[in-house]
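Everything on this sheet refers to the single structure shown next.
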Amino acid sequence: MMATQKHSKLAVFGGPKAVTRPSPAWPVTGAGEVRWMTEVVQSGCWSWVGKHERAFCESFSDFIGARYTAAMSNGTVTMQCALQALGVVPGDEVIVPALTWVATAQAAMDIGANVVFVDIDPETLALDPASFEAAITPRTKAVIPVHLYGCMCDMDAILKISRKHKIKVLEDVAHQHGSRWRNKGAGAIGDAGSFSFQQSKVLTSGEGGAVTTNRLDVYQTVFALKQVGWAPGNPKESLFDNLVRANRYGHNYRMTEMQAVLLRGGLTRLASQTARRERSAQQIREGLEKIGGPLRAARRDRRITRQAYYAMTLYYDTDAANGVSRDAFRHAVAAEGCGLGGTYGPVYRNPLLNLYDETTSPIPYRDPKTLQDYSRLALPNTEKSVAETAVTLGQVQLLGNSQYINQLLAAIRKVSDHLPEAQQAWEQSTK
Ligand SMILES: Cc1ncc(COP(=O)(O)O)c(C=O)c1O
């Protein structure tokens, strides 16, 4: 049962906190990886397509349902290499949602592509298929649907539009390792998938990334691009051995064995952690419906057969909030012990993308005639979500047990019952 705190004073004004239990710990590790790590350290075999990297790639392919996995050093170079493997060349246009981490856009820019930003669905925060279709030009080569926070993109609509216009699809799955659309794993639905294993992600090795794909040509090119131009000579025999010069340019974007060990351990826990987070999300969805305040869960598409959560996506309904802003609400809920996040900013406003500023632009070889000026962009759903309506609840909190989740709900109920006081506290704090 959820505690009712109707009459207690808000914590922001010195009342008792609704959340007394500690937040779950992150990252989680197990004895298996400690043992493997010791072995790796003692073996002296620390990199170069080692046995843990191979084992991880095979297990990850199974987990996602993709034929191939190439392990790499982070989830940005994965996108650069995947886009190149899909045939993106300088001057091509790549469509990117305006709400994502800046790296999604940077990856395309770093290989000389022009990024075209499109708007998002105001509730799920995922790429809006109609905006995607409207942005297509004869130069469009690829689209990057980002499965952001806790909602997958509408992959039926995105694939239909992409096939019609012969556009390649690279899924950015940095947030949703293990999500499934009609039982197909995110990262195995489009032409390729890109994963990040950075510290905060649901599967992590501190830093790291992977490209998944069902296409052998894409796998081989990505492999060569990360392995200084070398790729498996006979992939039918081995996906990792007998490297030959693949007659391609290549970088060093390799993963170490230490990273692979952490990923192998994490992968043994991922399915049960995802199930735990799904149960918490359902509890929160139902709890918020009962509370009936301004905060609710973003709608869940029935075609999503498993939802992985970097964060649960919530929606703050300003019409139901009696003039109380989202940030006033979050401020009071945080004082109760329940931290609710916001989102990234609109990517087009990120200072890294100021391509006209010689001191910040990292891209020396762009054609000035095709340079995009993003400074005047303001996409309505992105702007409103970032400033007023989007709220997130982090993946670590979702790992909590049902008593902990009940306390988070009690915090939200308490503030929903005291909206004018929450606004007053916010105004005092921002004076
Ligand atoms: C949506 C999204 N895409 C890509 C990345 C890039 O991953 P990495 O930090 O591993 O380069 C991130 C990282 O936070 C991300 O959130």
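Take ASP172 and decide whether it is under 23 Å from SER61 (Cα atoms) and either surrounded by 23 or more Cβ atoms within 10 Å (Cβ to Cβ) or not hydroxyl-bearing (Ser, Thr, Tyr) (or both). For ASP172, the condition - under 23 Å from SER61 (Cα atoms) and either surrounded by 23 or more Cβ atoms within 10 Å (Cβ to Cβ) or not hydroxyl-bearing (Ser, Thr, Tyr) (or both) - is met.
Looking across region 135-152, the residues that are surrounded by fewer than 24 Cβ atoms within 10 Å (Cβ to Cβ), of a type outside the set (Val, Ile, Thr) and closer than 29 Å to ALA308 by Cβ come down to ALA135, LYS141.
ALA224 meets the stated requirement of being out of contact with any helix residue (DSSP H, G or I) (no Cβ under 8 Å at 6 or more places or on another chain) and away from the ligand (no atom under 14 Å from the Cβ). Are any residues in region 191-210 over 13 Å from LYS168 (Cβ atoms), assigned to a strand (DSSP E or B) and either more than 12 Å from the ligand (Cβ to nearest atom) or not small (Gly, Ala, Ser) (or both), and if so, which ones? Listed by number, the list holds a single entry, PHE195. Might you let me know whether region 279-290 holds any residue that is charged (D, E, K, R) and touching a Pro at 6+ places or on another chain (Cβ under 9 Å)? The answer is no, given that none of the residues of region 279-290 is charged (D, E, K, R) and touching a Pro at 6+ places or on another chain (Cβ under 9 Å).
Looking at the structure I just gave you, is LYS236 away from the ligand (no atom under 12 Å from the Cβ) and at pLDDT 95 or above? Judged against the criteria, LYS236 is not a match. Listed by first and then second residue, the pairs linking a residue in region 364-381 that is surrounded by 11 or more Cβ atoms within 10 Å (Cβ to Cβ) to a residue that is modelled with pLDDT under 70, with Cβ atoms under 9 Å apart and 6 or more places separating them unless they lie on different chains, are LEU371/TYR356; SER375/TYR356. Residues that are away from the ligand (no atom under 14 Å from the Cβ) and free of Cβ contacts under 8 Å to residues at least 60 places away in the same chain number at least 3 in the following strands (runs of 3 or more DSSP E) confined to region 68-173: 140-143.
For every residue, the table says whether it meets (1) part of a helix (DSSP H, G or I); (2) more than 22 Å from the chain's Cα centre (by Cα); (3) under 30 Å from CYS338 (Cβ atoms); (4) at pLDDT below 95.
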residue	(1), (2), (3), (4)
ARG254	no, no, no, no
ARG277	yes, no, yes, no
GLY287	yes, yes, yes, no
ARG296	no, no, yes, no
THR305	no, no, yes, no
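Filtering region 4-50 down to residues that are farther than 30 Å from ARG254 by Cα and among the β-branched types (Val, Ile, Thr), which residue is farthest from the chain's Cα centre (by Cα)? Going through the qualifying residues, I end up with THR4. Residues in region 372-390 that are of a type in the set (S, T, N, Q) and closer than 23 Å to GLY341 by Cβ: ASN381, THR382, SER385, THR389. Screening region 307-323 for residues that are of a type outside the set (Ser, Thr, Tyr), at pLDDT 95 or above and within 30 Å of GLU421 (Cβ to Cβ) and picking the one that is nearest to the ligand (Cβ to nearest atom) gives ALA311.
The values are calculated or read from the model by the stated rules, or taken from the named source; none is laboratory data. Source: prediction; values computed, not measured. Backbone-built Cβ (ideal geometry, glycine too); neighbour counts: all protein chains shown.
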